[in-house]
């Protein structure tokens, strides 16, 4: 018997949806932490004791003195007062505290479901990967922070991308399992999935380049559209040598690629929708329609965010919409593979 018993489906679905909401909020908090330049305010990682923030003034001064020993204070914030330090400390602390709360929400219900025999062997393994994945995302977050505590006060944009992709992938994995719980796992291939797989791959590349743009602050240059300060391809776009550095380490090149993939993704989803629109599955049609409107909205917000030089609110909205776009694409893929009626 590999199916979840009927009495376990509703609580497990609630658990999965709660986890998804918490991850989305976590990504939002992470975006605020990055956009407020708060991510390097906590210079150590104490998974257990770190849940208690500085309370007394002496605690705050001790924490501030630790911060002063690292590059961000010495190079960038050398004139910072302790009151300002408390402001940036808050978002990083809240980010980590939310992560600890997520750990509790993932682990305790998982143990309860296991004890109640709600988890047949394949489901036990799938949900165990959710728990492991949550811990891995947290560890990758600290791995990212470490890169900004050494020589320069900025995290590696590569590590930022890895951390973000891990969070998005965990979210997509949980969503996929929630669809299986809701609709079952009866295979009935209605459409070949090669095209939607390619679009999902393209979306992942775009998310990676979104992290590169954020990490390199590439959204603060060429704040015009559809051109880049008067040219479709700015003269500095491929100015570095060797050439590959323009693709992953150069502000101009990274922004150009992020712009270009946005066009490709918009066209790919539109073409896919036109070719696969049918009456075979109403859920498929609804998902395709949602994906098209969400990519159109995402594209528009991205342009406005660029034109306004990445204000915090719009930068955050742009990131959150990317979450729903990716989930909508996975939903389409699910409906190409499984019977849902």
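Any read-out appearing in this document is the output of simple, stated calculations on the displayed coordinates, not a laboratory observation. It should be emphasised that the depicted structure is a prediction, and the values quoted were computed from it without experimental measurement. Counting neighbours? That spans all protein chains shown, and the Cβs are built from the backbone with ideal geometry, glycine included.
Side notes on the structure shown:
- Simple spin-label estimate for residue 25 and residue 90 in nanometres, 7 Å along Cα-Cβ: 1.7
- Diffusion coefficient (Stokes-Einstein, Kirkwood radius over C-alpha pairs, 4 °C, 1.567 mPa s) for region 50-134: 82 µm²/s, rounded to a whole number.
- In plain terms, the chain from residue 69 to residue 81 could stretch by 2.8 nm, reckoned as 0.36 nm per residue minus the Cα-Cα distance.
- Gain in span if fully extended, residue 182 to residue 217, counting 0.36 nm per residue against the direct Cα distance: 8.5 nm
- Normalising the average separation of contacting C-alpha pairs (under 8 angstrom, six or more residues apart) by the number of residues puts the relative contact order of region 187-341 at 36 percent.
- Calculated diffusion of the chain, Stokes-Einstein form, Kirkwood radius summed over Cα pairs, 20 °C and 1.002 mPa s, µm²/s: 98
- Region 134-186: C-alpha gyration tensor shape, a/c 1.5 cut-off, then a/b vs b/c: prolate
- Two numbers describe the Cα atoms of region 33-181: Rg and Dmax, which are 18.2, 58 Å.
- Sequence-separation-based contact order of region 98-159, relative, with Cα cut under 8 Å and 6+ spacing, percent: 25
- Whole-Å semi-axes of the ellipsoid equivalent to region 239-288 (Cα gyration tensor, √5λ, descending): 37, 8, 7
- Note on residue 313 and residue 239: the model spin-label points, each 7 Å out from Cα along the C-beta direction, lie 3.4 nm apart.
- Tensor-based shape of region 114-205 (alpha-carbon gyration tensor, a/c under 1.5 rounded, otherwise prolate or oblate): oblate
- In the chain, helical runs assigned H by DSSP with n ≥ 4 each contribute -39500 (n - 2.57); averaged across all residues and rounded to the nearest 500, the mean residue ellipticity at 222 nm is -24000 deg cm²/dmol.
- Directionally averaged shadow of region 198-303, computed from the convex hull of its alpha-carbon atoms, nm²: 7.1
- Peptides ranked, highest mean first, by Cβ atoms within 10 Å: ranges 170-176, 107-113: 170-176, 107-113
- Taking label points 7 Å from Cα along the Cα-to-Cβ direction, residue 151 and residue 274 give a separation of 5.0 nm.
- Estimated from the Cβ-Cβ distance and a Förster radius of 51 angstrom, the FRET efficiency linking residue 247 and residue 3 is about 0.65.
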